[in-house]
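Undergrad: Dumping the structure here so I can ask a few things about it.
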């Protein structure tokens, strides 16, 4: 400790905002995105085309919508592995409603409410019974998809009303799809929620030290419950989009999406241990994942190789931020 | 001291042979703190030596030196007259020194036999563990100790704390440890379990082990110790045979000190009652707690570790629930269901466990300070960074915080400065009552003075303070009145006029004054 005479003025911050932005994880992601974009442009003559690029966004918008809420959940120190199963259950429920003759507004409402309900169910189990979320959501993952399998068997629901197709297939303006627009609007909302509200600040506090947060008057259980609801809600919205895009429901719909969602969140710089992360990073990571899968698709790489690639990506992105933070710490302290 | 043979009048056995372990001239300093200064200690075979001293007197540091975890700066350690060095815990173990801690450091998911023989398990011809022999040996060791009721194959997790102690002793027996250190072994035990532990100590004595027994409880010390050594502020202030020393004499040695720290003079007007607690009870931790706190008053809470002081404070501040009782703040009955409720009402609790419950490491200083005040520093839930910085600056400068910037991670600050953050964050909520739990535990003397000065300032402004402390000078130097708790109940409430340390220690330990 230094013995400078008191009282002393302590500055708000030492690093300029620009300086800390240059050395951030997000800056690295931008560089990676530009590099992949360049490689894709060289590798395929079909890549640099407005409609190609528009198609590319369909690769990630549905998962990225869930990743926004999942980012907050993981920052708070919890996780939800049941999101893909929630999509399947919500889609099945919408399919049943179609058979009963429901119109588009009712279908959308059912998709969203089933998602919200599943999220609330996860949230109750975690916050009320104090169970670890990884176990709870592995359980509900089987539960939700199991219900979809029982209802559907090896059947598929089809015959959704034609107006329902807009959500997954429609365009707002020229090549800008409804899905992309919805994702960008949601991204701004989640960015504001996490980085500009007291709710978001409490999420960071819980992720870093739940006990101290509770002692500081943060209602830890209530906030975690809301985060599970939001994640379920986003999964419900994603279910509406996917069902609309495919025009049918099978029980195996969205199989394996949860891992891609979590890969996006972690690639976006969110600490898998909780307590750190940003929405800008998650949005950049979503674009990178879209670019990579679309680029590999253009090069005719088969789907099974792509899943190997996703697996490798997940391992690398969990290791890389840890190494990156170590380097940063050595530089700044 | 006396190494000549004396006769114990009860057993007619020679009481003091040559010491088994001798520590001489041991000193140990940490940055900014002198933990031990030129202390000596001797342990004799077949005898129990009680190590007595307040919290912070240097007992734990000495245990860590004896078990090879810390290295002394100066001084010598000898076993049976041979000088030894203990560069590691493994070396201490090799010299037959073993410690049984308050909360045993064994392996919950291994079996009793595995715990006893970990690191020295019997081997078969092929170099693999000879499980059959290991179980047999484990049962034998347990049987000789009179602990045959413990199943050698049980997982340690399934045992109670008392039986875990027995396993720890069995482990000591299995390596033929000659020196056994028991660091507050009774703290978590019931009366019946304590009796069983004492039988075990008697057994160890009969086996000729040299035992160091650390306890705050005088009845225990008088019950089983043969000798005593008293530490105060890192120095040895007295030793001898326990039967030659009265309790008052030992208490005086513990607390009688030169005042090394000037407490701030204050002239706070003590006003009307602000907080009234009555009949507050908890199923296991405390019972029938009642007291009043006045405006401008510092109310000290003294007691032994485990007397239930922190638990009472956490109940008043909504962190834990109570089974019955009332809390009245400024005439209004409140029953906080969460820390958020009590902060809204105007009662804040500054917890003892700074790292675990106080600061959020990973967040910058200004975000730590604004965390309990976010309702005030944000507008309809939207953060106002300028207001957060202003709040943080106001309180950190009042508390004379030393930091490079307010955006610095609190994890990079020293303990004393972290404590200032912890106090600042709760003070920034503008409370009516502030509860400080061990506010100066483990911080350097300079930060201590800053915290004490600040407390005096707070009450001068009309705040009311409850200070839970195990440090007698702090209790006597700062409090207007002192509540002494013992075993979950209020033992007595004293006016701090001519109050002396001995009275407090005796009340807390349950010795008739």
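Okay, residues lined up against (1) in contact with a strand residue (DSSP E or B) (Cβ under 8 Å, 6 or more places away or on another chain); (2) surrounded by 21 or more Cβ atoms within 10 Å (Cβ to Cβ); (3) more than 7 Å from chain A (Cβ to nearest Cβ); (4) at pLDDT 95 or above:
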| position | (1), (2), (3), (4) |
| --- | --- |
| B:376 | no, no, yes, no |
| B:381 | yes, no, no, no |
| B:384 | yes, no, yes, no |
| B:393 | no, no, no, no |
| B:396 | no, yes, no, no |
| B:404 | no, no, no, no |
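Here is a yes/no grid of residues against (1) more than 14 Å from every other protein chain (Cβ to nearest Cβ); (2) surrounded by fewer than 19 Cβ atoms within 10 Å (Cβ to Cβ); (3) in a helix (DSSP H, G or I); (4) in contact with a strand residue (DSSP E or B) (Cβ under 7 Å, 6 or more places away or on another chain):
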site: A:255; (1), (2), (3), (4): yes, yes, no, no
site: A:258; (1), (2), (3), (4): yes, no, yes, no
site: A:275; (1), (2), (3), (4): no, no, no, no
site: A:294; (1), (2), (3), (4): yes, no, yes, no
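Undergrad: Name the single residue, out of those in segment A:190-202 being within 14 Å of chain B (Cβ to nearest Cβ) and in contact (Cβ under 8 Å) with a residue 60 or more places away in the chain, that is nearest to residue A:166 (Cα to Cα).
TA: The residue in question is A:191.
Undergrad: Out of (1) at pLDDT below 90; (2) in contact with a strand residue (DSSP E or B) (Cβ under 8 Å, 6 or more places away or on another chain); (3) at the interface with chain A (Cβ under 9 Å from one of its Cβ atoms); (4) under 22 Å from residue B:457 (Cα atoms), the odd one out for residue B:409 is which?
TA: (4)
Undergrad: Further question on the same structure: Restricted to segment A:1-37, and to residues that are outside any loop (DSSP other than H, G, I, E, B) and within 11 Å of chain B (Cβ to nearest Cβ), which residue is modelled with the lowest pLDDT?
TA: The residue in question is A:17.
Undergrad: Only helices (runs of 4 or more DSSP H) wholly contained in segment B:54-171 count here; list those with 3 or more residues that are under 29 Å from residue B:195 (Cα atoms) and either touching a residue at least 12 places away in the same chain (Cβ under 8 Å) or under 25 Å from the mean Cα position of the chain (by Cα) (or both).
TA: Ranges flagged: B:59-66, B:112-117, B:131-144.
Undergrad: Still on this structure, please answer the following. Say we look at segment B:326-360 and pick out the residues that are in a loop (DSSP other than H, G, I, E, B), out of contact with any helix residue (DSSP H, G or I) (no Cβ under 6 Å at 6 or more places or on another chain) and closer than 15 Å to residue B:431 by Cα; which of these is farthest from the other protein chains (Cβ to nearest Cβ)?
TA: Restricting to residues being in a loop (DSSP other than H, G, I, E, B), out of contact with any helix residue (DSSP H, G or I) (no Cβ under 6 Å at 6 or more places or on another chain) and closer than 15 Å to residue B:431 by Cα, the top hit is B:330.
Undergrad: While we're on this one: Given the options A:280, A:266, name the one that is under 15 Å from residue A:195 (Cα atoms), in a helix (DSSP H, G or I) and touching a helix residue (DSSP H, G or I) at 6+ places or on another chain (Cβ under 9 Å). Talk me through it step by step, then tell me what you get.
TA: Details: A:266 fails: under 15 Å from residue A:195 (Cα atoms).
Among A:280, A:266, only A:280 is under 15 Å from residue A:195 (Cα atoms), in a helix (DSSP H, G or I) and touching a helix residue (DSSP H, G or I) at 6+ places or on another chain (Cβ under 9 Å).
Undergrad: Being modelled with pLDDT of 80 or more and under 22 Å from residue B:484 (Cβ atoms), is that true of even one residue in segment B:255-268?
TA: No; the residues of segment B:255-268 include none that is modelled with pLDDT of 80 or more and under 22 Å from residue B:484 (Cβ atoms).
Undergrad: If a residue counts only when it is over 30 Å from residue A:213 (Cα atoms) and away from every other protein chain (no Cβ under 14 Å), which strands (runs of 3 or more DSSP E) contained entirely in segment B:413-513 have at least 1 such residues?
TA: Of the strands (runs of 3 or more DSSP E) lying wholly inside segment B:413-513, those with at least 1 residues that are over 30 Å from residue A:213 (Cα atoms) and away from every other protein chain (no Cβ under 14 Å) span B:481-486, B:489-495.
Undergrad: Sticking with this structure for a sec: For residues in segment A:203-216 being at the interface with another protein chain (Cβ under 7 Å from one of its Cβ atoms) and in a helix (DSSP H, G or I), which is nearest to the chain's Cα centre (by Cα)?
TA: Here is the first cut: in segment A:203-216, the ones at the interface with another protein chain (Cβ under 7 Å from one of its Cβ atoms) are A:204-205, A:208-209, A:211-216.
Next, only the ones that are in a helix (DSSP H, G or I) stay: A:204-205, A:208, A:211-215.
Values: A:204: 17, A:205: 21, A:208: 21, A:211: 27, A:212: 28, A:213: 25, A:214: 27, A:215: 30 Å.
Residue satisfying both the conditions and the ranking: A:204.
Undergrad: Considering only residues that are closer than 25 Å to residue B:150 by Cα and modelled with pLDDT under 85, which ones fall in segment B:82-98?
TA: Correct list: B:93 only.
Undergrad: With B:298, B:365, B:316, B:289 as the choices, which residue is within 16 Å of residue A:217 (Cα to Cα) and surrounded by 24 or more Cβ atoms within 10 Å (Cβ to Cβ)?
TA: After applying the criteria, what remains is B:316.
Undergrad: For segment A:186-198, how many residues meet the condition of being over 17 Å from residue A:270 (Cβ atoms) and buried (at least 17 other Cβ atoms within 10 Å of the Cβ)?
TA: 2
The values are calculated or read from the model by the stated rules, or taken from the named source; none is laboratory data. In this text the structure is predicted, and so the values were computed from the model without any measurement. Cβ coordinates were reconstructed from backbone atoms using ideal geometry, including for glycine residues, and neighbour counts include every protein chain displayed.
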